[in-house]
Amino acid sequence: MNKLFNKLSKMKRISLISLSILLLLFIGFVDWITGAELSISIFYLIPIALCAWFIHRWAGIMLALMSITIWFLSDFINTPSYSHPIIPYWNSLIMLGIFVVFALLLSKLKDAFERENTLALNIQKSLLPQKSPAIAGYKIFSIWEPTRVVSGDYYDFINLTNNNLGISLADVCGHGFPAALLMSNIQATSRIIASHNHSPQEVCNYLNKIMIDYVMPEKFTSFFYGILEAEKRKLTYSNAGHPPPIVLRKNEKIDHLSCGGFLLGVDSNATYQQETVHLEKGDVILFYTDGIVETRNSLGKEFGENRLIDFCKKHKHLPENKFNKTILSTLNKFSNSNIDDDITLVVISVD
């Protein structure tokens, strides 16, 4: 149902209107051949709903007028005689009122729904970094794009002592508001823990225990936390089941940051390890969630890690805004605008 809803929401207006009219004609034909004894009037609300919800209330009212015309003709043909000549017109007027009121109520409901969604999205955006941190010797890009109204993905930058930078990414299982609520709790908790200068493995250990004790069963999260010591050019990290960030070395070698442990919220006895990697001038680190690499094209092939690496090698010189627009454009082109998971990507280049 969600996939159908998403496809309809992405259709062009002319396509939606054409679909609604064709559906209306089909319903009218069925109404005519089934006769007056079997009423299918309720089905006329389907094309009206398509236009009222996905286009505009006036499109819904237009379909209501078309629907009542077809309904009247079908009713008039199937019932050639009435006890009084005004009856078919009265019936049509009543049905028209029902159709128009339905279109108006549905469009009002959509307006309220969109206002709530916009408010929720703005609140979630306010929890994320408002801009990438400026650190001498480094260039940092970040992009966050929910596939629905809100996202179960998050990333964060935490200013630590000695000019160190905490970097965290997480991907909560599921989508929509439940995942977003859990995400906000994990983000707040991880930020509090990390701000006390705990090591990456300690942050993962604490978070895992908290999720086991307080979060609903079967709700788990992939999580990555690292501390970038900018002056020393080294990154100490722990990875809790998150897609391993990729280090693109200047000499074309590729390293994966996979040291850590299980997903958070799975095993109360889980322990997490950490590792330190040294960086050199020209190195690039790609932190991402699986929404990017698992984006599929019409043949079912994934965008994959190699395409992500090639893209970042080719476009890492771009300004952040243009880089973000280009990666989204590339993913939409690859998937035919059918991205079905949240997108998060953080790129750190050692200049």
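The values are calculated or read from the model by the stated rules, or taken from the named source; none is laboratory data. Since we're looking at a predicted model, the values are computed, not measured. Ideal geometry is used to build each Cβ from the backbone, glycine not excepted, and the neighbour counts take in all protein chains shown. We work out accessible area using only protein heavy atoms, side chains counted, and drop any ligands, DNA or RNA first. Shrake-Rupley method; radii C 1.70, N 1.55, O 1.52, S 1.80 Å.
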**Prompt:** Span-like helices, the chain: DSSP H, alpha-carbon axial extent 20 Å or more, mean Kyte-Doolittle 0.5 or greater, which ones?
**Reply:** 13-34, 57-78, 87-127, 176-194
**Message:** Can you give me the solvent accessible area of His196 with a 1.4 Å probe, rounded to the nearest 10 Å²?
**Reply:** 130 Å²
**Request:** In nm, give the distance between the simple-model label positions of Leu38 and Asp351, each being 7 Å from the Cα along the Cα-to-Cβ direction.
**Result:** 7.3 nm
**Request:** Using only the alpha carbons of region 258-332, determine the length spanned along each of the three principal axes and report them from longest to shortest in whole angstroms.
**Result:** 43, 38, 20
**Request:** Mind ranking Thr161, Thr289, Thr147 by accessible surface for me, highest first, 1.4 Å probe?
**Result:** Thr161, Thr147, Thr289
**Asked** If we restrict to alpha carbons, what Rg and Dmax does region 178-246 come to, in Å?
**Response** 12.8, 42
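Whenever you get a sec, compute what percent of the accessible area on the chain sits on carbon and sulfur atoms (1.4 Å probe).
60 percent
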**Complete:** Dividing the mean separation of Cα pairs under 8 Å (6+ apart) by the residue count of region 115-257 yields a relative contact order in percent of 19 percent
**Prompt:** Could you give the radius of gyration (one decimal) and Dmax (whole number) of the Cα atoms in region 70-139, in Å?
**Reply:** 27.2, 89
**Asked** Put +1 on the Cβ of each Lys and Arg and -1 on the Cβ of each Asp and Glu in the chain; which of Val266, Ile135, Ile42 then has its Cα farthest toward the positive end of the dipole?
**Response** Ile135
**Message:** Multiplying the sequence separation of Lys219 and Thr276 by 0.36 nm and subtracting their Cα-Cα distance, what value in nm do you get?
**Reply:** 17.6 nm
**Test item: Cα-centred dipole of region 263-351, Lys/Arg +1 and Asp/Glu -1 on Cβ, debye** = 580 debye
**Message:** Past 31 Å, Cα to Cα: identify those pairs from Lys10/Lys108; Lys219/Lys313; Lys219/Lys314, in the order given.
**Reply:** Lys219/Lys313; Lys219/Lys314
**Message:** If I model a spin label as a point 7 Å beyond the Cα along the Cα-Cβ vector, how far apart are those points for Val266 and Lys253 in nm?
**Reply:** 2.9 nm
**Request:** Report the antiparallel proportion of the DSSP beta bridges in the chain as a percent, rounded to a multiple of 5.
**Result:** 95 percent
**Asked** Can you tell me the accessible area per residue over region 1-119, all protein chains present, probe 1.4 angstrom, in square angstrom?
**Response** 64 Å²
**Message:** Which residues does the label zone of Asn162 cover in region 184-206, counting backbone N under 17 Å from a point 7 Å along Cα→Cβ?
**Reply:** 194-203
**Prompt:** Which label belongs to the value computed from this structure, given these candidates for Kirkwood radius over Cα pairs in Å: (1) 22.5; (2) 23.6; (3) 19.8?
**Reply:** (2)
**Fill in**
With +1 on the Cβ of every Lys and Arg and -1 on the Cβ of every Asp and Glu, the dipole magnitude of region 73-159 about its Cα centre, in debye rounded to the nearest 20, is 260 debye
**Request:** Report Lys10's accessible area, 1.4 Å probe, all protein chains in place, as a number in Å² to the nearest 10.
**Result:** 110 Å²
**Item:** Heavy-atom surface of region 175-248, accessible at 1.4 Å and reported per residue (Å²)
**Value:** 45 Å²
**Message:** Let me check something: with ligands and nucleic acids excluded, how do Leu299, Leu127, Leu264 order by accessible area (1.4 Å probe), largest to smallest?
**Reply:** Leu299, Leu127, Leu264
**Message:** What's the magnitude of the charge dipole for the chain around its Cα centre, counting Lys and Arg as +1 and Asp and Glu as -1 at the beta-carbon? Answer in Debye, nearest 20.
**Reply:** 1040 debye
**Item:** Leu105-Asn321 pseudo-label distance in nm [points 7 Å out on the Cα-to-Cβ vector]
**Value:** 4.5 nm
**Request:** Just reorder Met62, Met211 by solvent-accessible area, largest first, 1.4 Å probe, all chains present.
**Result:** Met62, Met211
**Prompt:** Counting other Cβ atoms within 10 Å of each Cβ, which GluC sites (Glu not before Pro) in region 148-255 have at most 12 and sit in a DSSP loop?
**Reply:** Glu218, Glu231, Glu252
**Asked** Rounded to the nearest 500 deg cm²/dmol, what is the calculated helix-only ellipticity per residue at 222 nm for the chain, with -39500 (n - 2.57) per DSSP H run of length n ≥ 4?
**Response** -16000 deg cm²/dmol
